[in-house]
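Accompanying notes for the structure given below.
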Amino acid sequence: MIPELDHAAHITHGPIPFFPYSDLFSQDEKALLDVIAGVCRRGAYILQDECFEFERNLAKFMGVKHALGVANGTDAIIIGLKAAGIGVGDEVILPSHTYIATAAAVHLVGATPVLAECSSDHMLDPDDAEQRITSRTKAIMPVHINGRTCDMDAIGSLAQRHDLVVFEDAAQALGSQFDGQSAGTFGSFGTISFYPAKLLGCFGDGGAIVTNDDDLAEKVYCLRDHGRDQSGDVIAWGYNSRLDNLQAAILDYKLKSFDRDVQRRRTIAQVYHDGLSDIEALKLPPSPDADSRHFDVYQNYELEAKQRNDLRAYLAQRKIGTIIQWAGTPVHQFERLGFSIDLPKTDAFFERCLMLPMNTAISDGELSYVVESIREFYNQ
């Protein structure tokens with residue numbers, strides 16, 4: 001049962017949304033209007049200077065040779081797979097704990113997504129993945145969840161043993177590092193999403209493919225723009241998937257303060273850890289300084305909770321927004337898509353997972369209120 005809420009006590013804040021989308025604009029409205037006006041006054045909308053400047057700055061930030069903007073994070077995976085030659089008859093191993101887009105991209109290039117378990121860090125379990133390798137397996141695609149990079153030593157070793165290519169879905173991990181190397185830069189290519197609620201979000205859809213492979217970068221350049229090469233000649237069949245110049249200008253502006261935003265997220269994560277780590281009913285993500293090999297950027301703050309549904313309802317009574325990632329459905333549970341696989345670890349995780357508000361707009365007072373509310377739930 002949900003504990004009764006004492007409406008006479010502690011209600012000192014307005015609603016705390018899970019993610020305040022309007023604040024993306026209102027927090028820095030004047031400067032953003034100047035950025036938007038500058039692009040519009042020049043009529044520079046598609047593949048113009050702002051886009052190319054953002055690509056250069058993103059590549060520099062990630063320590064990679066090439067960054068190429070595309071229309072969204074899903075297109076980034078599709079185009080990356082096409083550029084890498086993945087197609088009919090191939091199998092790509094990926095975690096079931098991911099958004100449907102990761103598996104859909106594999107399917108849409110004609111290959112077969114093979115789903116694997118998540119491990120205790122909530123990401124792809126290399127041991128389980130190894131059991132799913134067949135003669136048709138061409139690649140493994142770790143998904144860096146919630147702003148944490150997977151254990152790329154284990155995944156790289158697995159790929160090397162079985163002669164597999166590594167692709168990375170780093171949609172939620174821009175700025176995250178493992179042993180000082182950026183998520184998305186370990187494999188043949190990595191992909192980033194700029195969906196508004198992501199770590200670096202635009203005001204619509206956007207994505208990027210990053211790579212150190214010159215040949216793959218050239219193929220991506222053509223595929224994203226109707227098969228046209230840098231001279232404008234059509235040399236292959238391609239897509240219409242370009243990061244529009246207006247969004248690129250906004251992203252480039254926001255990239256300048258990205259390190260500050262990441263530090264704020266890490267501070268929020270530490271507040272949650274300090275306030276909740278003694279509650280036995282909760283399993284928290286690692287604190288910011290828990291592991292020197294990982295630099296986590298906390299796209300989300302996802303914990304595991306006993307009485308998860310009751311806790312969520314209690315927080316909703318207190319007008320605190322939470323979500324269960326991907327509507328509580330890992331990919332392997334989409335039976336209408338033809339999946340019929342038993343992944344008990346992933347199933348068990350989705351019975352307990354819950355995400356707390358994690359964004360740069362939340363105040364210290366609001367954070368205290370969230371922590372206080374969770375503590376009161378478990379103390380009753």
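The values are calculated or read from the model by the stated rules, or taken from the named source; none is laboratory data. Here the structure is a predicted model, which is why all the values come from computation and not from measurement. As a convention, Cβ positions derive from the backbone with ideal geometry for all residues, glycine included, and neighbour counts pool all protein chains shown. The area values use the complete protein model at the heavy-atom level, side chains included, leaving out ligands, DNA and RNA. Shrake-Rupley method; radii C 1.70, N 1.55, O 1.52, S 1.80 Å.
Numerical summary
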quantity: Lone unmet requirement of (1) within 14 Å of Leu303 (Cα to Cα); (2) open to solvent by 60 Å² or more (accessible area, probe 1.4 Å); (3) out of contact with any Lys or Arg (no Cβ under 6 Å at 6 or more places or on another chain) for Pro357; calculated: (2)
quantity: Flag for Gly175 being open to solvent by less than 10 Å² (accessible area, probe 1.4 Å), closer than 25 Å to Gln325 by Cα and not basic (Lys, Arg); calculated: no
quantity: Cross-chain or 6+ apart pairs with Cβ under 6 Å, the range 362-379 first and within 23 Å of Lys306 (Cα to Cα) and aromatic (Phe, Trp, Tyr), then at pLDDT 95 or above and surrounded by 14 or more Cβ atoms within 10 Å (Cβ to Cβ); calculated: Phe377/Leu311; Phe377/Tyr314; Tyr378/Ile279; Tyr378/Ala281
quantity: Filtered residues of the range 132-178 (kept if among the small types (Gly, Ala, Ser), assigned to a loop (DSSP other than H, G, I, E, B) and over 17 Å from Ser96 (Cβ atoms)); calculated: Ser135, Gly147, Ala170, Ala173, Gly175, Ser176
quantity: Odd one out for Tyr314, checked against (1) surrounded by 21 or more Cβ atoms within 10 Å (Cβ to Cβ); (2) within 20 Å of the chain's Cα centre (by Cα); calculated: (2)
quantity: Pick from the range 348-380, criterion β-branched (Val, Ile, Thr) and in a helix (DSSP H, G or I), ranking: nearest to Ile320 (Cα to Cα); calculated: Val370
quantity: Only listed residue being under 21 Å from the mean Cα position of the chain (by Cα), among the charged types (D, E, K, R), modelled with pLDDT of 95 or more and under 25 Å from Leu174 (Cβ atoms), chosen from Arg265, Arg352; calculated: Arg265
quantity: Residue in the range 141-157 that is open to solvent by less than 50 Å² (accessible area, probe 1.4 Å), aliphatic (A, V, I, L, M) and under 22 Å from Glu335 (Cα atoms) present; calculated: yes
quantity: Residue tally, condition part of a loop (DSSP other than H, G, I, E, B), open to solvent by 70 Å² or more (accessible area, probe 1.4 Å) and closer than 27 Å to Met358 by Cα, over the range 320-338; calculated: 0
quantity: Looking only at the range 65-114, and only at residues there that are touching a Pro at 6+ places or on another chain (Cβ under 7 Å) and crowded, with 20+ Cβ neighbours inside 10 Å, the one that is farthest from Asp151 (Cα to Cα); calculated: Val106
quantity: Every pair of residues 6+ apart whose Cβ atoms lie under 7 Å, when the first sits in the range 34-60 and is open to solvent by 60 Å² or more (accessible area, probe 1.4 Å) while the second is assigned to a helix (DSSP H, G or I) and at pLDDT 95 or above; calculated: Tyr45/Asn245; Tyr45/Leu246; Ile46/Asn245; Gln48/Asn245; Glu53/Asp252
quantity: Neighbours by Cβ (under 6 Å, 6+ apart or cross-chain): first from the range 78-106, closer than 27 Å to Ala348 by Cβ; second open to solvent by 10 Å² or more (accessible area, probe 1.4 Å) and in a loop (DSSP other than H, G, I, E, B); calculated: Glu91/Arg136; Ile93/Arg132
